[in-house]
Amino acid sequence: MTDETKKTGREAAFADNEVEAAVADFDGAAEENAAEVTAEPDPLDVLKAENSELRDRFLRLAAEMDNLRRRTERDVKDAKSYAVSGFARDMLAVSDNLRRALDAVPADQRSGADATLTTLLEGVEMTERAMLSALERHGVKKIDAEGEKFDPNFHQAMFEIPNPAVPNNTVVQVVQAGFTIGDRVLRPAMVGVAKGGPKTEPAAGDA
């Protein structure tokens, strides 16, 4: 083999190596470009995701605003209904004193009282009625307890009275009247309840 033939063989081998390296570089660049194209998100998908996120935020905000509106309406309603609770409770104490003043005069003495005492008692009764009427206009109502079944939500038992003529746990005496304001108990009625009578029959819906 001549030197020229050897040289041509080496040159051919070198050329083949260069071709392979170029092909490898091209394949690597193509893979990098394909990876870059694959990694880049679709603009339409991005918009859809943003739209879904904004919609969720809007729905949550709308729900929060609706809850806030309902809570505010409830607070305003309660404030209107129960703002006078403290004042009404104090006025009930005044009404109690007027009633004590009237009860301090026995019925037999009233019938034979002079004009001055009669006028005084009538004035006290009118004052008591006017005060209770004014309280009722502001939502304060008297609890009708006597003759009703004892209810711990509205009544406060002070003592028991043996009375077999009425059903057991029936309110037979009211020591101090109770009052409600709106749906709440402003002051429970202090009562005496019957003991030893027949048991009360359960209502049709109290099965």
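Would a scan of the range 62-75 turn up a residue that is at pLDDT below 75, open to solvent by less than 100 Å² (accessible area, probe 1.4 Å), within 30 Å of PHE179 (Cα to Cα) and not aromatic (Phe, Trp, Tyr)?
As a first pass, look at the range 62-75 and keep what is at pLDDT below 75: none.
No, the conditions are met nowhere in the range 62-75.
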Query raised in the report: If you go through the range 133-151 one residue at a time, how many are among the charged types (D, E, K, R), in contact (Cβ under 8 Å) with a residue 12 or more places away in the chain and either in contact with a Pro (Cβ under 9 Å, 6 or more places away or on another chain) or open to solvent by less than 50 Å² (accessible area, probe 1.4 Å) (or both)?
Result: 1
Query raised in the report: Which members of the range 152-183 meet the condition of being surrounded by 14 or more Cβ atoms within 10 Å (Cβ to Cβ) and assigned to a loop (DSSP other than H, G, I, E, B)?
Result: PHE154, ASN163, VAL166, PRO167, ASN168, ASN169, ALA177, GLY178, GLY182
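The values are calculated or read from the model by the stated rules, or taken from the named source; none is laboratory data. All figures in this text were calculated on a predicted structure; none of them were measured in a lab. We place every Cβ from the backbone using ideal geometry, glycine too, and count neighbours over all the protein chains shown. Please note that ligands, DNA and RNA were not included when accessible areas were found on the heavy atoms of the full protein model with its side chains. Shrake-Rupley method; radii C 1.70, N 1.55, O 1.52, S 1.80 Å.
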